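Have a look at the structure below before the remarks.
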Amino acid sequence: MESRELLKVQIVSLEPVCRVYQEGRACRVGEPTAKGLTSLPPEVLELVYHHLDSIDDVHSFGRAHSKTYHIIKRQTVYTEIMRSIIGRSWAHRYDLQLCNIIQLHRDVVRHFQQHGQPFPVSSEHSGQGYNEWESRLASTTIVPECAYGPCAACIPDVLVYDILARYQGMRMLEDIWLSRQLEETDLLAADATQDEKELVRRYACVLGRVQDFEQGDLEARSMKVPATHGYTKLNSDQRGRFHSAVTFVWILNELRWVLTNFVYPSRSHRHIQILDRCRADFTGLCHNPLLDQLDQHAVFAFMYHHLLPLHSPVLQDQNSSKLPLTFNTEWLTDGAQSSKFFQLFLLAGQTYFQPPDLIDLVVRHKISQSAPYPEMTLPTTTEQWVRPSKAFTFPADVVFDDYTNRFTQLFNTHISLINRSSFIQSQANNINHAFRRSPPTSSSITDLAGRYFIDSAVAAIEKGESYKEGNRPARDMFSGEWQNLGMWSVWWWANSEDKARAIIARWGEKPKTSRDRKTNVLPGMPHVMRSFQ
């Protein structure tokens with residue numbers, strides 16, 4: 001059978017069969033069945049597998065019929081099929097880079113376990129180039145293209161299994177996303193406010209809303225946009241976007257994590273050169289400029305502005321030696337400078353905790369109970385994985401009242417270290433590494449990672465042809481319609497690059513009317529949302 005005929009079999013026969021199985025129903029009269037496919041020889045069926053679009057499609061097709069299942073039942077065949085899917089699918093375009101940097105993460109942890117010191121930075125004027133650790137970091141985002149397509153040499157079996165395990169493990173984040181629609185009051189960034197009392201109120205609001213939801217006092221879907229009541233699952237394309245966004249954010253966070261283990265001279269630009277090289281490697285992997293930026297910001301805000309503060313009680317009120325990855329809850333009533341250590345916790349959490357660490361926090365928080373039951377603290381192995389270096393550690397057994405007096409310099413050191421490792425930096429935007437000795441203030445707290453994703457999305461909006469001069473500023477639209485209602489439902493209403501640009505262009509045409517303010521309906525979205533019902 002010719003390859004063109006095989007593709008026709010795939011398009012005509014495969015998609016209805018997979019859809020029937022995914023919907024969990026019997027075939028309707030006259031609907032295509034798997035009969036035509038099952039009559040094909042195993043070699044042809046295996047070739048059909050290689051032309052599927054996603055890991056989920058492989059599993060759905062395998063469950064559609066016993067004959068299709070027997071194809072992937074053989075481990076060698078299953079591995080080859082998954083290698084082909086991972087190598088060709090846009091949803092997995094960042095997975096190999098993530099494998100590289102996770103291996104670097106393991107080596108960094110091993111280095112410190114063997115009593116190694118923070119990594120030195122090579123001199124920019126010596127002409128010798130990068131040192132060993134700098135070279136490894138700069139090369140993590142480089143994935144050589146194989147002339148023969150995805151093969152065992154470029155994607156070994158062990159990487160295939162790692163990617164499959166991560167793909168399934170990250171589904172928990174998807175389940176949490178779908179469990180409840182998030183609004184702006186469910187998010188808390190480290191620099192959300194400069195007022196300590198307002199910070200306390202917003203933190204209490206994040207915790208209180210989830211309690212209201214668990215007690216049945218808060219609906220899973222907002223009444224502001226009724227169409228969201230039908231948003232209960234992600235289809236294959238939406239799941240691919242979600243996985244790709246999580247993977248990309250994970251890579252950037254790993255880059256930042258590695259950079260925190262270097263000792264930088266105050267005027268060094270080596271880390272910026274490395275970041276510029278890594279960003280250049282991602283440029284060619286961009287699938288849809290605006291859609292990718294919206295997805296990535298949504299995922300970042302969900303993980304580090306929602307999950308992290310929501311499940312922070314697991315880490316609160318621990319020994320002062322656990323700082324900056326803990327905070328004392330006395331700041332809820334004390335306020336003043338002590339609240340800055342909670343802001344430091346939020347910054348450190350998004351620097352040192354990767355998506356699997358957040359899932360671990362979620363699980364520990366859900367199964368934890370109040371005293372006299374034991375606390376669900378992080379095991380030592382996790383603490384070593386999260387922050388293996390002992391540089392700039394806080395002294396143990398310091399009472400909370402002495403935090404501000406004794407920890408001012410260490411506080412500023414950690415803020416500077418986190419800022420210096422941020423991936424927002426470029427040659428034109430260098431973060432000064434000077435350590436401040438003055439008491440911490442609100443002006444010293446800036447969520448540079450959050451700013452990076454916002455700036456990237458705003459830039460993508462302004463570059464579009466649909467963005468016209470004289471429209472509302474893109475940043476206003478982003479902090480308004482997007483933050484309030486558009487972010488959580490982005491997987492549905494922005495189901496393509498053109499659709500996303502068209503809706504955002506309508507947001508910018510005119511200010512929200514009194515009717516829009518009353519009903520909280522986003523201009524340009526109602527008819528789009530109805531199309532998904």
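Residues that are open to solvent by less than 70 Å² (accessible area, probe 1.4 Å) and either free of Cβ contacts under 8 Å to residues at least 24 places away in the same chain or not in a loop (DSSP other than H, G, I, E, B) (or both) within segment 147-170 comprise Pro156, Asp157, Leu159, Val160, Asp162, Ile163, Leu164, Ala165, Arg166, Tyr167, Gly169, listed in sequence order. Looking at segment 90-105, is at least one residue open to solvent by 40 Å² or more (accessible area, probe 1.4 Å), modelled with pLDDT of 95 or more and within 25 Å of Ala245 (Cβ to Cβ)? Checked against the condition, which is being open to solvent by 40 Å² or more (accessible area, probe 1.4 Å), modelled with pLDDT of 95 or more and within 25 Å of Ala245 (Cβ to Cβ), segment 90-105 yields at least one hit. Out of the residues in segment 279-295 that are in a helix (DSSP H, G or I) and open to solvent by 10 Å² or more (accessible area, probe 1.4 Å), state the one that is nearest to Val458 (Cα to Cα). Checking each candidate, the answer is Gln293. Applying a threshold of 7 Å to beta carbon distances and a minimum spacing of six or more residues, or different chains, the list of pairs starting in segment 376-396 at a residue that is part of a loop (DSSP other than H, G, I, E, B) and ending at one that is open to solvent by 40 Å² or more (accessible area, probe 1.4 Å) and β-branched (Val, Ile, Thr) reads Met376/Ile367. Among the residues of segment 400-412, is any within 16 Å of Thr326 (Cα to Cα), assigned to a helix (DSSP H, G or I), of a type in the set (Asp, Glu) and open to solvent by 80 Å² or more (accessible area, probe 1.4 Å)? Yes: one or more hits. The set of residues in segment 70-89 that are acidic (Asp, Glu) and either in contact (Cβ under 8 Å) with a residue 60 or more places away in the chain or open to solvent by less than 20 Å² (accessible area, probe 1.4 Å) (or both) is empty. Of the listed requirements (1) at pLDDT 90 or above; (2) open to solvent by less than 10 Å² (accessible area, probe 1.4 Å), His271 misses just one: (1). The criterion of being of a type in the set (S, T, N, Q) and open to solvent by less than 50 Å² (accessible area, probe 1.4 Å) does not hold for Ser66. The criterion of at least 1 residues that are closer than 19 Å to Ser422 by Cβ and touching a Phe, Trp or Tyr at 6+ places or on another chain (Cβ under 6 Å) is met by the following helices (runs of 4 or more DSSP H) wholly inside segment 171-278: 236-259.
Is it the case that some residue within segment 344-358 is at pLDDT below 95, more than 16 Å from Phe394 (Cα to Cα), open to solvent by 40 Å² or more (accessible area, probe 1.4 Å) and not small (Gly, Ala, Ser)? Checked segment 344-358: no residue is at pLDDT below 95, more than 16 Å from Phe394 (Cα to Cα), open to solvent by 40 Å² or more (accessible area, probe 1.4 Å) and not small (Gly, Ala, Ser). Figure legend. Inter-residue proximity from segment 496-508: first residues open to solvent by 40 Å² or more (accessible area, probe 1.4 Å), second residues at pLDDT 90 or above, beta-carbon distance below 7 Å, spacing 6+ or different chains. Indicated pairs: Arg501/Leu290.
For segment 182-190, the count of residues that are touching an Asp or Glu at 6+ places or on another chain (Cβ under 8 Å), touching a residue at least 60 places away in the same chain (Cβ under 8 Å) and either of a type in the set (A, V, I, L, M, F, W, C) or open to solvent by less than 40 Å² (accessible area, probe 1.4 Å) (or both) is at least one.
The values are calculated or read from the model by the stated rules, or taken from the named source; none is laboratory data. Since this is a predicted model, take the numbers as computed values, not measurements. Positions of Cβ are backbone-derived with ideal geometry, glycine not excepted, and every protein chain shown enters the neighbour counts. Note: accessible area is taken over every heavy atom of the protein model, side chains too, but ligands, DNA and RNA are not part of it. Shrake-Rupley method; radii C 1.70, N 1.55, O 1.52, S 1.80 Å.
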